[in-house]
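Reviewing the structure listed below.
Throughout, read-outs are computed from the coordinates displayed, never taken from laboratory work. What you see is a predicted model, and the numbers here were worked out from it, not measured in a lab. Quick reminder, even Gly has a Cβ in these numbers, built from the backbone with ideal geometry, and neighbours come from all protein chains shown.
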Amino acid sequence: MLTLFLKTIKNNRFSLLIYLVISISFVWMYVALFPTMQEQAEKLKQAFESYPQALMKAFNISFENFFDTLQGFMAGEYFSLLWPIIMIILVLSYSASAIAGEIEAGTIELLLAQPISRLKIFLAKYFSGIVIIVAFIAISNFSVVPLAVLHNVDYKPENFLTMSILGFLFAFAIFGIGMMLSAFFSSKGKVAAIVGGVLIIMYALNLFSSFKESLDKLKYASFFYYYDFNKAVVNNQIEPLNILVFLAVGIICAVVGAVLFVKRDIAT
Amino acid sequence: MKAIRIENLKKYFGQTRAVDGISFEVEEGEIMGFLGPNGAGKTTTIRCMMDFLHPDTGKIDILGLDAQKDSEKLKRDLGFLSGEVAFYNSWTGAEHISFLEKIKGISSFDEELAAKLKLDIRKKAGTLSSGNRQKLGLILALMHQPKLLILDEPTLGLDPLLQNYIYEILKGEAASGKTIFMSSHNLAEVEKICDRVIILKEGKIVALESINAIKRKRIYTIYAYFEGKVPKEELVTDGVSLIEEFSGGLALRVKGDTKPLLKKLASYESLKDLEITHAGLEEVFMEFYR
């Protein structure tokens with residue numbers, strides 16, 4: 001199991017590196033921009049005040065702390081949409097390829113013909129995915145520390161740690177769903193399309209819930225409601241309910257995925 | 001102990017009865033051919049043996065172990081090769097070998113086999129020709145000295161030279177005491193290397209016999225040439241069927257004893273010439289599909 005675990009990580013090291021380069025580039029850009037943005041704060045505040053407030057609320061964007069701290073600026077510019085998109089693509093491409101991709105390519109037969117149980121194959125793939133996600137989140141989010149020092153910007157590392165924990169929980173839930181579907185389907189395209197579709201629907205639900213009071217409850221069906229980046233990175237807090245929802249979805253889906261993979265027929 | 005014992009194996013996919021209640025045994029050290037056209041159920045049976053598919057009913061014992069319950073333990077002694085073997089295209093042959101060495105817990109790989117097969121294991125799998133991919137598959141199947149080799153159409157798409165090369169290797173493995181179970185729809189291949197053959201049709205076994213017994217199945221083709229009228233109706237009787245009628249003669253297929261027909265033919269003064277040929281394995285095989 002360890003051999004497969006290590007080999008899977010090794011196989012994904014280049015794609016992880018690419019995702020890291022992209023995310024660190026953005027972090028660098030925003031950290032470097034922040035001092036200039038602070039200088040222009042008054043003018044920009046006036047411009048932002050003219051934006052429709054309902055729209056700002058819908059996208060969970062707050063300019064309250066936008067110019068005051070790096071945390072507020074990163075929340076609005078980076079953690080609101082850009083970082084989740086990069087993270088979701090990473091999680092989806094890994095989980096879809098992990099099992100469904102092996103079945104589609106026929107390489108799963110090479111693994112199944114070896115003296116290693118299906119459960120161990122699933123767990124090796126699952127835990128290498130977790131390591132890749134943790135590595136991505138830790139390195140991309142904590143790249144803010146040397147970059148803030150470099151550009152002489154004040155920052156709170158503990159807030160970025162809290163944001164990383166929330167980001168991991170969010171990724172953990174999506175990864176669980178991805179691995180469950182990857183264990184069930186034999187085509188990675190199908191897995192990516194379904195999980196991607198579900199996330200788009202969730203995003204829309206969260207968006208619509210803020211437009212009308214009668215739609216307010218829809219937000220509870222969306223991961224994007226529980227992914228409260230503002231509270232995490234600005235206030236250094238995560239709601240217990242958010243932790244519970246992400247952990248429950250991630251664990252249940254992973255267990256269901258493992259059972260499906262052990263029980264299913266595999267014909268390449 | 002039997003190397004393979006399968007009892008009443010059934011595997012259906014919806015309404016399709018891919019494997020429909022087959023039972024057979026394979027002795028240790030034997031080379032068993034598993035013959036049938038596409039869709040006969042060969043690959044499904046092999047996938048059930050390898051625990052890729054779960055049988056609907058039936059029991060598969062391999063090397064004294066349950067192929068489903070003891071799958072992980074059993075695979076330490078199994079070598080598997082598919083005709084459409086897939087590899088990680090970005091890995092070299094050496095990386096595949098090293099990966100499986102670690103999984104199987106082998107200390108050192110027998111480089112002689114790679115040299116014998118003239119395979120450059122430094123090349124990436126994605127760049128290998130189908131013949132070289134099959135060579136790599138064979139190395140991976142044999143590298144841990146398995147007691148039993150399960151091969152699903154191992155020479156599919158290979159040129160005759162490479163096919164013969166693989167037959168020689170398989171014969172060598174069998175001579176060293178390994179049991180080989182190989183599916184094929186290549187009759188000549190089975191005739192060349194197998195001791196016994198199972199013939200499968202629509203998920204059922206229609207014959208399980210030694211190659212020699214099948215070869216001995218008495219099917220003859222008799223060409224009879226006449227002067228004048230050809231007595232077709234009188235000659236085509238029980239056990240004798242007409243293959244074709246041509247100008248001045250007939251081609252007849254005879255199952256079993258040829259004496260009654262030869263006696264009858266001899267009674268015709270118009271009989272000019274006679275030609276008798278022994279049926280090949282292919283013709284015998286086709287009998288099962290008529």
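By the rule of a C-alpha distance below 21 Å, with chain neighbours fewer than 8 residues away ignored, the lysines paired with A:Lys120 are A:Lys7, A:Lys10, A:Lys188, A:Lys263, B:Lys69, B:Lys73, B:Lys75, B:Lys102, B:Lys104. For the segment A:114-121, counting C-beta atoms of other chains within 10 Å of every residue's C-beta and taking the mean gives 5.
Amide H to amide H, with H built 1.01 Å from N, B:Phe13 comes under 5 Å of B:Ala18, counting only residues 5 or more places away or on other chains. In chain B, the DSSP beta bridges split such that about 70 percent are antiparallel, to the nearest 5. Shielding of peptide B:74-81 by partners, expressed as the average count of other chain Cβ atoms within 10 Å per residue Cβ, is 3.
Note the direction-averaged projected area, equal to a quarter of the hull surface, for the Cα convex hull of the protein assembly as shown, in nm². Walk me through the numbers before you get to the answer.
Numbers: hull surface 143.7 nm².
So the mean shadow area of the Cα hull is 35.9 nm².
Quick one: which of B:170-183, B:229-242, A:140-153 comes out on top by average Cβ neighbours within 10 Å, and what's the full order, highest first? Walk me through the intermediate numbers first.
On the way: B:170-183: 18.6, B:229-242: 13.2, A:140-153: 16.9.
The most tightly packed comes first, giving B:170-183, A:140-153, B:229-242.
How would you rank A:109-119, B:10-20, highest first, on the average number of other Cβ atoms within 10 Å across their residues?
Numbers: A:109-119: 20.2, B:10-20: 16.2.
Taking the mean over residues of other Cβ atoms within 10 Å, the ranking is A:109-119, B:10-20.
Give me the Debye-computed log₁₀ of I(q)/I(0) at q = 0.08, 0.09 Å⁻¹ for the stretch A:2-263, equal point scatterers on Cα only, no solvent, two decimals. Each listed q maps to, in turn, -0.35, -0.44.
Estimated at 0.36 nm per residue, the fully extended path between B:Leu274 and B:Lys69 surpasses their Cα-Cα distance by 67.8 nm. The slack in the chain from B:Ala115 to B:Leu262, taken as 0.36 nm per residue of separation less the alpha-carbon distance, amounts to 47.3 nm.
What is the calculated FRET efficiency for B:Asp159 to B:Lys10, with r their C-beta to C-beta distance and R₀ = 35 Å, to the nearest 0.05? Display every interim value, and only then the final one.
Values: r = 37 Å, r/R0 = 1.07.
For R0 = 35 Å, the calculated efficiency reads 0.40.
Relative contact order of chain A: 28 percent, from C-alpha pairs under 8 Å at least 6 residues apart in sequence. Centroid-to-centroid, using Cα positions, the stretch A:128-205 and the stretch A:87-126 are 19 Å apart.
Between A:Gln38 and A:Leu6, full extension at 0.36 nm per residue minus the direct alpha carbon distance yields a gain of 7.0 nm. Helix B:93-104: angle to the longest alpha-carbon principal axis of chain B, degrees 0 to 90, nearest 10? Orientation of helix B:93-104: about 80 degrees from the principal axis. Amide H to amide H, with H built 1.01 Å from N, A:Gln237 comes under 5 Å of A:Ala232, counting only residues 5 or more places away or on other chains. For the stretch B:177-227 versus the stretch A:214-234, the inter-centroid distance based on Cα atoms is 69 Å. Compared with the dominant principal axis of the Cα atoms in chain B, helix B:130-142 is inclined by about 70°.
A simple spin-label model places pseudo-atoms 7 Å from Cα toward Cβ; at B:Ala188 and A:Ile251 they are separated by 6.3 nm. For a paramagnetic label modelled on A:Arg13 (point 7 Å from Cα along Cα→Cβ), amide N atoms under 16 Å away belong, within the stretch B:86-126, to B:90-92, B:95-96, B:99.
Taken as Cα centroids, the stretch B:124-168 and the stretch B:63-101 sit 13 Å apart, rounded to the nearest whole angstrom. Inter-chain neighbour count for A:101-113: the average number of beta-carbon atoms from partner chains within 10 Å of each residue's beta-carbon is 5.
With respect to chain B, whose longest principal axis is taken over its alpha-carbon atoms, helix B:160-175 is tilted by about 70°.
Given 37 °C and 0.692 mPa s, compute D for the stretch B:206-274 with the Stokes-Einstein relation, Rh being the Kirkwood radius over Cα pairs; round to the nearest whole µm²/s. It would help to have the intermediate numbers written out before the result.
On the way: Rh = 13.0 Å.
Rounded to a whole number, D works out at 252 µm²/s.
Of the DSSP H helices in chain A, those that are both long (alpha-carbon extent of 30 Å or more along the helix axis) and hydrophobic (Kyte-Doolittle mean at least -0.5) are A:13-39, A:118-142, A:157-184, A:188-209, A:240-263. Counting only DSSP H runs of at least 4 residues, each contributing -39500 (n - 2.57), and dividing by the residue count of the protein assembly as shown, the helix-based mean residue ellipticity at 222 nm comes to -15500 deg cm²/dmol. Beta bridges per DSSP, both residues in the protein assembly as shown: antiparallel share near 70 percent. For chain B, modelled as a GNM whose springs connect Cα atoms under 10 angstrom apart, the maximal fluctuation among B:Lys59, B:Lys147, B:Lys255 occurs at B:Lys255. For the stretch B:2-215, the spread of Cα positions along the three principal axes, ordered from largest to smallest, is 45, 38, 33 Å.
Fraction of C-alpha pairs exceeding 28 angstrom in the stretch A:114-268: 33 percent, rounded to a whole number.
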